[in-house]
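> The structure follows.
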Amino acid sequence: MKNTKRRAILVVNGVLLIIIVLWTIPTVGLLVSSVRDRNDIQTSGWWSIIPHQSWVASGEPIAAPPDQTRDQPITINGVTASYDEWRNGVNMGDGTRIVWVGNLRTGRLQLYTQQISMNWNFTLDNYNQVLAGKAFEIQRADGTSTTVQGDDLVGAFLNSLTVAIPSTIIPILIAAFAAYGFAWMKFPGRRIIFIGVVAMLVVPLQIALIPILRDYVNLELNGTFLGIWLAHTGFGLPLATYLLYNYISQLPRDILESAFIDGASHFTIFQRLVLPLSVPALASFAIFQFLWVWNDYLVALIFMGITNRGNQVLTMRIAEMVGSRGQDWHLLTSAAFISMIVPLVVFFALQRYFVRGLMAGSVKG
Amino acid sequence: MKKVSIVMLIALVLSLGTNVMAQGASGCPDGLWTLMSAELESACKGELAGTAVTMSGPFTDEDEVKFNDSIAEFEAWTGIDIQYTGSKEFEAVIRASVEGGAAPDIADFPQPGTVKGFAADGKVVDISTFMNPEWLAQNYLASWLDMSSMPGPDGEAITAGVWARFNGKSLVWYPKQAFEAAGYTIPTTWDELIALSDQIVADGDAPWCVGIESGAATGWPATDWMEEVMLRTTSLENYDNWSFPSDVANRLPFTDPAVKNAAETLGTLWFTDNYVLGGRQAIAGTFFGDAPTPMFADPAQCYMHKQGNFITSFFPEGVQAGVDYDFFYLPPIDEEYGKPFLVAGDLYAMFNDRPEVRAVMDFFSRGESLKSWLGSGGALSPHNDAQLEWYGSDVERGIAELVSQATSVRFDGSDLMPAAVGSGSFWKGMTDWVSGTVDLDTALAEIDAAWPQ
């Protein structure tokens, strides 16, 4: 009996371990890539840092047999293979391998032996370029050149925080009030309005972009932080209201009723009872909303977009770092890691509420 | 004490602020420009100092730095502040911005086909209303002006913008050291090019490196190739009617024998055994930026790569122009059609009509606006008043010379076509054909079906 139990635990933990490893591999790969240099990233995978057997050139190349053609087999040291096979390398059977380097006329033979190797050529250059900005050399007509420092992430990082924090707090506050109202206050049309709010969940935000942009231009909100806070608040509210309603409406009726009998007003109940009791739901929604706003590219692009460079958020800045034609995509590795830091901090800070919050409203009765 | 220093600090900041505001204009050098618009003249006298012009475009990062450097002098002369914001998703954002009424004063379009829609909607300001036509005719080749002339909201042609920069496309890059070590010579005719390719195959190598993968835009390098072959195998009239028909009746469809012939010619180059590194299957799966990398392997794995001059920024770090790589002109196929040169370029279109925006647009029609960018590399000037000696790199000066020697200059056709074709079915159709998913006739018919009626 005890044995079976232990075996079951082992199996469960084993499966969990495998899942965890599988899920972390991409992040580990990203981390490893971010400390490799540009040429390494472009020519080999991050896993080449793991010690592995590889063929290493030994000695100087020697002359290849002359006057061979592409479609005739070529015999070297008693081994016969086609030219294309020789180019890829042929194992000679004695632990060495011969590769035909170069073309048929000018090619040479290179002997390879097997060795354990690993590519541990680490550099912090990617982080340096992302954090301090890339250095561009500008040639002047008179032959001199000056170095111009490109934009770094600092300004965009602060902008992202400026966007994300109010865009998380404002919808939560409004939604908590609304959820309390829908759950515990009686007023005509309550059901209809609530259904209306829930129905908003299915409206994709993309279709609202241009109309809202038009209004923003008229109200002169375009390119301002206030504008983007309002946009994120609007887009986040239906889900927030729905989620918090489910949680708040499940609070024990007795507590609230006794408060009523003691003469508490709605505001007092909301502030003294409902808010403290729904911290798990608030926290879990805060995580959702914060991650969504932090990673948002589209909304920022449209409402901050092309009129106000000073307010660029992190996602926009990172997208630009790869260069006009994407030639510097290797910088995405380190930039992605830097942008991950804040969401990770938020997640771990609020994590203890998260599991409780995930079940918010899911279990009735 | 503390309070005093804070007050002083605030005063300092305020005074710095007012200093910037009051920073005047030093005026343009005398006699630098002729045939100026009234607005540029008044800007040059400093009368528009303190105004700002917003700009947006797809170039970011390094190009943005070079751009800001190239306008710095003009800003000091006139006191006009040009505020540029680049975005990687420019094409999508500009549509939303213009629709939403939040368009920047000036936008940089690398695909003039996009401007066509804005021009027809009456969103774009006709620059011929204030620019001196004599000046435009003097400073641009006629074909540039033709390509910036588009139907306005009432069907009348308007000049939808000024050409600010261009890229040369008809260039074949080769790894100079390996190429010379193998004893190859630069081909000047199509037959020589094929003979060289055969020679390289016989030597046991792949002559060409081709890659057309580019995420959502996969296939665009194939459209460039198609345009090159079209220009070399059919008349300019056919090319123009194919890429930029003046009206529907003249349009040369993709199903026309001239287009099919071009595709088949391209096919013989791409699909001949051993001609392309990795074979036909590798073409669609190779990222265009990684495609030239095997040229610089040791030993070189391929010897030729056709691409616009921007590709040098994808070459491995440390390779040098003129030492490790060089370029030659993709030779003509049929002598009858001369030496055409394919280009792409950036059209600056104007969305808000204010005196300072007019002045800045006039400035961009002058070579002076690119002078420092040409010096630091990465741009070519379409302006006739730009001097060859302004170019900082021999490669770019060489391309500018090639363009001036060309018998005809034509714009990247896919950038001129309506977006549904030029950045849609043309890319996809070519990719499907190259990867062998559909045969040529089906692919061409599919591309053509997307053309807006």
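The values are calculated or read from the model by the stated rules, or taken from the named source; none is laboratory data. Please read all numbers here as calculations on a predicted model, not as lab measurements. As a convention, Cβ positions derive from the backbone with ideal geometry for all residues, glycine included, and neighbour counts pool all protein chains shown. Surface areas here come from the heavy atoms of the whole protein model, side chains and all, with no ligands, DNA or RNA. Shrake-Rupley method; radii C 1.70, N 1.55, O 1.52, S 1.80 Å.
> Return the long-range amide H neighbours of B:Y303 (sequence gap of 5 or more, or a different chain), with a cut-off of under 5 Å between placed amide H atoms.
Amide H neighbours of B:Y303: B:W208, B:C209.
> What is the Cα centroid distance between the stretch B:101-132 and the stretch A:66-84, reported in whole angstrom?
63
> Sticking with the crude label model, points 7 Å out along Cα→Cβ, report the distance from A:A349 to A:N128 in nm, one decimal please.
In this crude label model, A:A349 to A:N128 measures out at 3.2 nm.
> Starting from the Cα of A:R70, step 7 Å along the direction of its Cβ; do the same at A:S258; then give the gap between the two resulting points in nm.
Distance between label points: 9.0 nm.
> In whole Å, how far is the Cα centre of the stretch A:224-260 from that of the stretch A:29-46?
Comparing the Cα centres of the stretch A:224-260 and the stretch A:29-46, I get a distance of 44 Å.
> Sticking with this structure for a sec: So for the pair A:Q149, B:A142, with labels modelled 7 Å out along Cα→Cβ, what separation do we get in nm?
5.3
> Explain nothing, just the number: relative contact order of the stretch A:52-117, from Cα pairs under 8 Å at least 6 residues apart, as a whole percent.
Dividing the mean separation by the residue count of the stretch A:52-117 yields 43 percent.
> Tell me, what is the percent relative contact order of chain B, built from C-alpha pairs under 8 Å that lie six or more residues apart?
The value is 24 percent.
> Whose amide H sits under 5 Å from the amide H of A:S145, counting only residues 5 or more places off or on another chain, with H placed in the peptide plane?
A:R140
> Pull up the cross-link candidates among the lysines for B:K66, meaning alpha carbon to alpha carbon under 20 Å and not fewer than 8 places away within one chain.
List returned: A:K134, B:K88, B:K371.
> ³J(HN,Hα) across the stretch B:102-111 via Karplus (A = 6.51, B = -1.76, C = 1.60, θ = phi - 60°), whole Hz, x for Gly/Pro?
Karplus values, whole Hz, x for Gly and Pro: 10, 5, x, 4, 9, 10, 9, 10, x, 10.
> Here is a further query. Rounded, prolate or oblate: which fits the stretch A:154-358 when a ≥ b ≥ c are the square roots of the eigenvalues of the alpha-carbon gyration tensor, with rounded for a/c under 1.5 and prolate only if a/b beats b/c?
Working: a/c = 2.76, a/b = 1.78, b/c = 1.55.
Prolate shape, in that a/c is at least 1.5 and a/b is the bigger ratio.
> Loop only per DSSP, at most 14 neighbouring Cβ atoms within 10 Å: give me the GluC sites (Glu not before Pro) in the stretch B:161-260, ordered by residue number.
Sparse-neighbourhood loop GluC sites (Glu not before Pro): none present.
> Once the cut-off is 16 Å, how many percent of the Cα-Cα pairs in the stretch B:304-365 end up in the long-distance tail?
67
> Shifting gears a bit: Are there residues in the stretch B:193-242 whose accessible area shrinks by at least 50 Å² when all protein chains are included rather than the chain by itself, and which are they (probe 1.4 Å, ligands and nucleic acids not counted)?
So the qualifying set is B:D203, B:G204.
> Report the FRET efficiency, 1/(1 + (r/R0)^6), for B:T255 and A:L205, where r is their Cβ-Cβ distance and R0 is 51 Å, rounded to 0.05.
Between B:T255 and A:L205 the formula returns 0.80.
> Related question: If r is the Cβ-Cβ distance from A:I165 to A:S44 and R0 is 51 Å, what FRET efficiency results, to the nearest 0.05?
My answer for the efficiency is 0.80.
> Show me A:202-210, A:19-27, B:314-322 ranked by packing, highest mean number of other Cβ atoms within 10 Å first.
Sorting A:202-210, A:19-27, B:314-322 by mean packing, highest first, produces B:314-322, A:202-210, A:19-27.
> May I ask you to derive the relative contact order of chain A, considering only C-alpha pairs under 8 Å and at least 6 residues apart, and to give it as an integer percent?
Numbers: 426 pairs, mean separation 66.9, N = 365.
Normalised by residue count, the contact order of chain A is 18 percent.
> Each residue of the stretch B:231-247 in turn: what ³J(HN,Hα) in whole Hz from Karplus with 6.51, -1.76, 1.60 and θ = phi - 60°, glycine and Pro shown as x?
Values, residue by residue: 4, 9, 10, 8, 6, 4, 4, 4, 4, 5, 5, 7, 9, 8, x, 5, 8 Hz.
> If packing is taken as the average number of other Cβ atoms within 10 Å across a peptide's residues, how do B:329-339, A:277-287 rank, most packed first?
A:277-287, B:329-339
> While we're on this one: Pop out the Kirkwood hydrodynamic radius of chain A from its pairwise C-alpha distances, inverse of mean 1/r, in Å to one decimal.
Details: mean 1/r = 0.0376 Å⁻¹.
The answer is 26.6 Å.
> How high is the FRET efficiency from A:L291 to A:S54, r the C-beta distance, R0 45 Å, rounded to 0.05?
On the way: r = 41 Å, r/R0 = 0.91.
That pair, A:L291 with A:S54, gives E of 0.65.
> Right, another one. Just report the Cα centroid separation between the stretch B:38-89 and the stretch B:172-216, whole Å.
Each part's Cα centre sits 42 Å from the other's.
> Go through the stretch A:184-189 residue by residue and turn each phi into a ³J(HN,Hα) via Karplus (6.51, -1.76, 1.60, θ = phi - 60°); whole Hz please, and just put x for glycine and proline.
10, 10, 9, 8, x, x
> Turning to a different aspect of this structure: With only alpha-carbon atoms in the gyration tensor, what are the semi-axes of the equivalent ellipsoid for the stretch A:2-41, in Å, largest first?
The three semi-axes for the stretch A:2-41 are 37, 6, 5 Å.
> A follow-up question, please. Average projected area of the Cα convex hull of the protein assembly as shown, in nm²?
49.9
> When the accessible area of chain B is computed with all protein chains present and a 1.4 Å probe, what percentage of it is carbon and sulfur? Working shown, then result.
Details: 9120 of 17250 Å².
Solvent-exposed carbon and sulfur of chain B make up 53 percent of the total.
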